[in-house]
Each structure stands twice: as structure tokens, then as C-alpha cells.
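**Q** Okay, handing you the structure first.
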Amino acid sequence: MSTVMTVTGPVAPEKLGRVLIHEHVLVSYPGAELDPADSWDRSACVETAVARMLELKQHGVSTFVDAGPTDIGRDPDLLVEVSGRSDMQIVCVTGFYHEHIGVPYYWRNRTSEEVAELLLHEIAHGVAGTAVRPGIIKIASFDPPGEHDRKIIAGAAIAARESGLPVISHCENSRGGDVQQAILAEHGIDLRRCMIGHQDQEMDLANLKAIADRGSFVGIDRIGLEVLAPDEHRADFVAALINAGYADRLCMSQDHMCHLRSARFPLPIPAEVREIWGSIEPMVYEQLFRRSHTYLFTNFLPMLLDRGVDAGTIDRILTDNPRRLLAGE
């Protein structure tokens, strides 16, 4: 029988329960730890994460996929501690972020085969010198996907083919999913074990159907990040995909953080909001990491019910679909 690897060991697929397939305990952008203003409190991060996990368990969530790759703050010991104290099954990833933020210089100069060697070593022996083994491979690409993105995705595809682990992805601006699928397919990956993520900003429903028609899961997995797209749009598209017969190809999550290690806002502030940044900054931080991870259940799922999506379908999307993705069932 197949199992799913968590940070505390393998779990049988039927024990996964409801799954949040793309979330974060901690995100730390490269170099944030060097800032003299850095005041990250590990203990406070753990306390917040444990409290969030216990809240999620009240909504039936048993498995939390921490989608942070090695270059944006992955901390396996932190995940083990949070899992142990909350009894939440946490899955960590192996892989790199997209080239505009991640992919350290050394790995930009490696071949796809060398990238695959690293990922396979982590899968077999543990990440960052620990015994924690990843249960999923993360890929990412910018808009448009760059040279290093494509090389890293190819390396991830080789590792996925050799290990049998599934793949989840980051698509900047909901673009590049077709490129990701093409590279994965070129290396012999079963696209049914892949979730093309961050499709929340896509405005053409046909493009989401095309991802699913190629076999992959469609990730509407930035629920609540209305700085990127309104949740009304997400709910409309989820309902439309379900009505079109794609319920078994959908995954939902939030890409929400328990803690952001960043003394200053870590991303460029768009010119059009610089003058009003001070007034909207609290709202941005609220959507990124300050509010509870239960937002999906308390705020978004009622929007689906209002659109005629039944509770049974919602439960299958949160339970059956991620189980098939993670375990190949």
C-alpha cells in the first residue's frame, strides 16, 4: 500500500483527512535574516502555528502541506515541533522557488540532472541534514518562465519520475502552467500526479479546463489573497468548473503563512499604491499571515454554498482530490 511521507513519518492515505495542499508555517525571503531590524521570534512562530493547526482541526483538517522550498525559509525542525505539539500531519516539500526570488547562484549553474540529484538525495535521506523526508516536490516559475525556471522544473521532473512523488507548482500571475506541464510531460511524468497552482488570477475559464484536460489538478490555492484577485472571482470559477464536470480535478487552499520573517515588506511595492501604502499595509499583512488559517472555511466555503455547490462536493475537493494527488490513488 502506498503511503504519504509527513515530517514525522509515513501516513496511510486513508488517514490524510481534509488536506490544505498549499500553505506555509514560515516564509523567509532570501537575505531577510541579515536585516539589522530582524526580530524573528522562533518561539512566537511556533505558538502561532500550533494555535492555527488546532483551529484547523476543528474544521476537520488533518493534513497541512507546507509548500516552502529550501530557498524561502524551509525549516524542517520547526515543522516537526509544530506537528508534534498540534498532532497535525505536516508534509514538507523539496525543490526551489522561481528565479526572480529564489534559486541560489550555485544552483543556477547546475544542470537539471544535478538538481534532480539534490532532490532525490533529500527524498531518500532527509532535508537539511535532518531525518525529515519530503512528501512532495515543489516547482515554480515567473511570468514568463525563465531559463533557470525551466532547468529547475526539468530537474524536478526527473526527481518526480524516479521517486514517484507528486508535484505542486507556483505560477506567477497564473501564467506558465502550460509550460510547466509541457516540461513535466517531456520527462515522462504522469500529469495526474501534478497540481498546477495559483490559478486564482486566471480570467479565461478555458485555460483552467485545458490544465485539467491534460490530466493535472487545478489549484485555486490563494483563497483570501484579495490583493491579487477577489474571492468572488475565485468562487465563480470554482463553481463554474464544478458545473462543467471538473470537480475531481480541483484543489483548494490559501497559500497563507503562520509567520512572515521580514522586518520590511519583502516585495516591491507597485508604483500605483506607493502613496497610499501606509493605509493598505495592514490589510495586506492581514491577508498574508495575520488572520487565522480557517478563513477558507468561515468565509470562502459559504460563498460556494451560495452558488449551489453542495457540501459533499466541497468535502471531496478537500479530501479525495488531495489524497489522489499525494498518494496516487
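The values are calculated or read from the model by the stated rules, or taken from the named source; none is laboratory data. Note that this is a predicted model, so its numbers are computed, not measured. Here Cβ is always computed from backbone atoms with ideal geometry, including for glycine, and neighbour counts include all displayed protein chains.
**Q** Is it true that some residue in segment 13-28 is buried (at least 24 other Cβ atoms within 10 Å of the Cβ), touching a Ser or Thr at 6+ places or on another chain (Cβ under 8 Å) and among the acidic types (Asp, Glu)?
**A** So far as segment 13-28 goes, yes, one or more of its residues are buried (at least 24 other Cβ atoms within 10 Å of the Cβ), touching a Ser or Thr at 6+ places or on another chain (Cβ under 8 Å) and among the acidic types (Asp, Glu).
**Q** If you scan segment 15-35, which residues turn out to be free of Cβ contacts under 8 Å to residues at least 24 places away in the same chain and either closer than 30 Å to Thr313 by Cβ or assigned to a loop (DSSP other than H, G, I, E, B) (or both)? First the steps, then the outcome.
**A** To start, the set of residues in segment 15-35 that are free of Cβ contacts under 8 Å to residues at least 24 places away in the same chain comprises 31, 34.
Across segment 15-35, the qualifying residue is only Gly31.
**Q** Let me ask something additional. Any residue that is on the phi > 0 side of the Ramachandran plot, surrounded by 13 or more Cβ atoms within 10 Å (Cβ to Cβ) and in contact with a His (Cβ under 9 Å, 6 or more places away or on another chain) - is there at least one of those in segment 295-307? Step through it out loud before you land on a result.
**A** Of all residues in segment 295-307, those on the phi > 0 side of the Ramachandran plot come to none.
Taking every residue of segment 295-307 in turn, none turns out to be on the phi > 0 side of the Ramachandran plot, surrounded by 13 or more Cβ atoms within 10 Å (Cβ to Cβ) and in contact with a His (Cβ under 9 Å, 6 or more places away or on another chain).
**Q** Now, a different point. Can you tell me how many residues within segment 201-234 are farther than 18 Å from His22 by Cβ and in contact (Cβ under 8 Å) with a residue 40 or more places away in the chain?
**A** Adding up the residues that qualify gives 1.
**Q** From the list Leu228, Leu260, Leu250, which residue is under 18 Å from the mean Cα position of the chain (by Cα), crowded, with 19+ Cβ neighbours inside 10 Å, more than 18 Å from Arg192 (Cβ to Cβ) and of a type outside the set (Phe, Trp, Tyr)? Show your work before the answer.
**A** Values: Leu228 fails: crowded, with 19+ Cβ neighbours inside 10 Å; Leu250 fails: more than 18 Å from Arg192 (Cβ to Cβ).
Sole residue among the options that is under 18 Å from the mean Cα position of the chain (by Cα), crowded, with 19+ Cβ neighbours inside 10 Å, more than 18 Å from Arg192 (Cβ to Cβ) and of a type outside the set (Phe, Trp, Tyr): Leu260.
**Q** Would you confirm, using the coordinates I've provided, whether Glu99 is surrounded by fewer than 24 Cβ atoms within 10 Å (Cβ to Cβ) and either among the β-branched types (Val, Ile, Thr) or in a helix (DSSP H, G or I) (or both)?
**A** On the way: surrounded by fewer than 24 Cβ atoms within 10 Å (Cβ to Cβ): yes; either among the β-branched types (Val, Ile, Thr) or in a helix (DSSP H, G or I) (or both): no.
So Glu99 does not fit the description; no.
**Q** Moving to a separate point now. List every residue pair whose Cβ atoms lie under 8 Å apart, where the two residues are 6 or more positions apart in sequence or sit on different chains, the first residue falls within segment 45-63 and is in contact (Cβ under 8 Å) with a residue 24 or more places away in the chain and of a type outside the set (A, V, I, L, M, F, W, C), and the second residue, located anywhere, is part of a helix (DSSP H, G or I) and surrounded by fewer than 16 Cβ atoms within 10 Å (Cβ to Cβ).
**A** Sorted first by the residue in segment 45-63, then by its partner, the pairs are Ser62/Lys15.
**Q** Name the single residue, out of those in segment 124-177 being out of contact with any helix residue (DSSP H, G or I) (no Cβ under 7 Å at 6 or more places or on another chain) and among the acidic types (Asp, Glu), that is surrounded by the most Cβ atoms within 10 Å (Cβ to Cβ).
**A** Asp149
**Q** Then there is this: Against the definition (surrounded by fewer than 13 Cβ atoms within 10 Å (Cβ to Cβ) and touching a Ser or Thr at 6+ places or on another chain (Cβ under 8 Å)), how does Glu275 come out, yes or no?
**A** In short, no.
**Q** Which of (1) in contact with a helix residue (DSSP H, G or I) (Cβ under 6 Å, 6 or more places away or on another chain); (2) assigned to a helix (DSSP H, G or I); (3) among the small types (Gly, Ala, Ser) does Ser292 not meet, given it meets every other one?
**A** (2)
**Q** Does segment 102-150 hold any residues that are touching a Gly at 6+ places or on another chain (Cβ under 9 Å), part of a loop (DSSP other than H, G, I, E, B), over 14 Å from Pro69 (Cβ atoms) and of a type outside the set (Val, Ile, Thr), and which are they?
**A** Arg110, Arg133, Phe142, Asp143, Pro144, Pro145
**Q** Mind checking which pairs have a first residue in segment 295-315 that is within 17 Å of Asp231 (Cβ to Cβ) and hydrophobic (A, V, I, L, M, F, W, C) and a second that is in a loop (DSSP other than H, G, I, E, B) and modelled with pLDDT of 95 or more, Cβ under 8 Å, 6 or more apart or different chains?
**A** Here the result reads Leu296/Ile223; Leu296/Gly224; Leu296/Ser253; Leu296/Gln254; Phe297/His59; Phe300/Ile223; Phe300/Gly224, each pair linking segment 295-315 to a residue that is in a loop (DSSP other than H, G, I, E, B) and modelled with pLDDT of 95 or more.
**Q** Further question: Which residues, taken from segment 36-60, are outside any helix (DSSP H, G or I) and either among the acidic types (Asp, Glu) or within 28 Å of Leu301 (Cβ to Cβ) (or both)?
**A** First pass over segment 36-60, keeping only residues outside any helix (DSSP H, G or I): 36-41, 58-60.
The answer is Asp38, Asp41, Gln58, His59, Gly60.
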